[in-house]
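Worksheet: the structure to be examined is printed underneath.
The values are calculated or read from the model by the stated rules, or taken from the named source; none is laboratory data. Since the model is a prediction, treat every value here as computed from it, not as a measurement. A quick note on method: Cβ atoms are made from the backbone with ideal geometry, for glycine too, and the neighbour counts reach across all protein chains shown. Accessible surface is based on the protein model in full, side chains and every heavy atom, while ligands, DNA and RNA are left aside. Shrake-Rupley method; radii C 1.70, N 1.55, O 1.52, S 1.80 Å.
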Amino acid sequence: MAAPQRIVIENCAIATVDADDTEYANGHVVVAGNRIEALGAGKAPEGLENVVRRIDATGHLVTPGLVNTHHHYYQWITRGLATDHNLFDWLVALYPTWARIDEQMVRAAAQGSLAMMARGGVTTAMDHHYVFPHGSGDLSGAIIGAARDMAVRFTLARGSMDRSEKDGGLPPDFAVETLEGALAATEETVRQHHDASFDAMTQVAVAPCSPFSVSTELLTQGAELARHLGVRLHTHGSETVEEEQFCKELFGMGPTDYFESTGWLGADVWMAHCVHMNDSDIAAFARTKTGVAHCPSSNARLAAGIARVPDMLAAGVPVGLGVDGTASNESGELHTELRNALLINRLGAHREAALNARQALRLGTYGGAQVLGRSAEIGSLEPGKLADLVLWNLDTLAHASIADPVTALVFGAAAPVTASFVNGRQIVENSRLLTADEDAIARSTRTEARRLAEIAGR
Ligand SMILES: [Zn+2]
């Protein structure tokens, strides 16, 4: 077999985010094929064969690619609506519009969401999609196709809702699937698209939406299905005070106890938000290694509250970062969530060092890989791991006067991405996507947003 092609990156600061938080003030990374072959201080070793490219990364910080752990792509075409609402009022305002989405809209929205994240340094993306109107086409296929075309590593959390208003749930009756229909379609999506290999570009998780939109049977049987198929489980949990009240009234217990009773705590589960968690909830997550997708901007946008991330980390809970859907986080960027996580958690804990810059970077990289079940393959820069990495330019007006590169990246303005690699392939150059036409995507998302508004009679 021919030796793999090598790319050598030199003269850069490196934050590996490995177990020891190893950093190099001036170092090199060698990429061979789709793997990281070597990295360390100083120049790359002499005499490497088959070097097809040598990048002088002076003035840059190299980090693992960012990993997004919670999102709803379809919301890209319903941004900027219900801007002053709490979660339940916002959902009720938007469900009737969301129930009219079709394949063409979902494809455009997925492209918009993916493009926005990828150009900002996301190398592994995910979409929790749970709205499947009758006759709307192959929505899962459209989303997965968009990620594949953009060459971004991807997890589809195949969502579902079957508890509508008539069963005491929040969504209108026309917006939900049946229990049997949801389970069958989820299984079909896993069988068709899930790749369990080390360098998989597409994975699928089982992801009923939330306690207030899903029956107890769908949670229980969804968990059984996921474990039978050997895939991960994802849902929303403990997002708001109203959800906690809902669970207490309907099930006679809080969300965490309810999740435990339905099989939804475990090392193969990650849950978005987890804002309203008491000490025993956090202990249960730590004991079971249940993961958390922390979404600070969305939680602020909907006035949901502040998750206790410092306490979760101290207890040993795996925590990653999430954009959440862009109807509740219009920016749709993950690199700005590093900063927001840092700032909001200091406010929440009312403590100056509650979260530091290195912890914030870890949340957005290794922590994300952990909750997606992929920490052996991605999330840190180590020989043998997949070559998902970002070159942040810290040599411009925005950051050049900050000495410490990780501090500059997290505390400073959003840093420009000079290059981003996924699986050894460059997908971003100078903050522009190489794998898609951003301007064409912008136009099609505007067209589809208008078409949806018209169909929904908004
Ligand atoms: Zn969400």
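Note on the chain: with charges restricted to the Cβ of Lys and Arg (+1) and Asp and Glu (-1), its dipole about the Cα centre is near 800 debye. Quotient of the Cα radius of gyration of region 172-274 and 2.2 N^0.38 Å, N being its number of residues: 1.10. As a fraction of the 1.4 Å probe accessible area of region 1-59, surface on carbon and sulfur atoms comes out at 48 percent.
In the chain, if the dipole is taken from +1 on Lys/Arg beta carbons and -1 on Asp/Glu beta carbons about the Cα centre, which of 383, 184, 307 is farthest to the positive end? Going by the Cα projections, it comes out as 383.
Look at the dipole of region 48-201 built from charges on Cβ: of 97, 58, 157, the Cα furthest out on the positive end belongs to 58. Accessible surface calculations at 1.4 Å, restricted to protein heavy atoms, place region 221-294 at 36 Å² per residue. Atom-type composition of the exposed protein surface of region 202-259 places 49 percent of the accessible area on carbon and sulfur (1.4 angstrom probe). Helix 438-455 and the longest principal axis of the Cα set of the chain meet at an angle near 10°.
Helix 241-251 and the longest principal axis of the C-alpha atoms of the chain enclose an angle of approximately 50°.
Region 7-62 and region 141-171 have Cα centres lying 37 Å from one another. Among 116-127, 346-357, the peptide with the highest mean count of other Cβ atoms within 10 Å heads the list, and the full ranking is 116-127, 346-357. Roughly how far apart, in whole Å, are the Cα centres of region 174-235 and region 401-448? For region 174-235 versus region 401-448, the Cα centre distance is 31 Å.
From its DSSP helices (H runs of at least four residues, each -39,500 (n - 2.57)), the chain gives a residue-normalised ellipticity at 222 nm of -10500 deg cm²/dmol.
Helix 279-288 axis versus longest C-alpha principal axis of the chain: approximately 70°, rounded to the nearest ten.
All distinct Cα pairs of region 1-63 go into the 1/r average, and the inverse of that average, the Kirkwood radius, is 11.9 Å. Sorted on the mean count of surrounding Cβ atoms within 10 Å across their residues, most packed first, peptides 283-296, 34-47 read 283-296, 34-47.
Shape analysis of region 301-419 yields a ratio of the Cα radius of gyration to the Kirkwood radius, Rg/Rh, of 0.96. Here region 331-458 is assigned +1 on the Cβ of each Lys and Arg and -1 on the Cβ of each Asp and Glu. Its dipole about the Cα centre then comes out at about 380 debye. Reported value for region 266-307: 49 Å³ per residue, from the convex hull of its C-alpha atoms.
To the nearest µm²/s, what D does Stokes-Einstein give for region 84-217 at 25 °C and 0.890 mPa s, using the Kirkwood radius over alpha carbon pairs as Rh? Here the translational diffusion coefficient equals 158 µm²/s.
When DSSP beta bridges are restricted to pairs lying wholly in the chain, around 45% turn out antiparallel.
Mean separation of Cα pairs under 8 Å and 6 or more residues apart, divided by the residue count, gives region 279-374 a relative contact order of 31 percent. Taken about its Cα centre, region 276-389 carries a charge dipole of about 220 debye when Lys and Arg each add +1 at the Cβ and Asp and Glu each add -1 at the Cβ.
For the chain, the alpha carbon convex hull comes to 134 Å³ per residue, rounded to a whole number. Considering only 234, 223, 198, and ranking their Cα positions along the charge dipole of the chain that arises from unit charges at the beta-carbon of Lys, Arg, Asp and Glu, the one farthest toward the positive end is 198.
With contacts taken as Cα pairs under 8 Å and at least 6 residues apart, the chain reaches a relative contact order of 20 percent.
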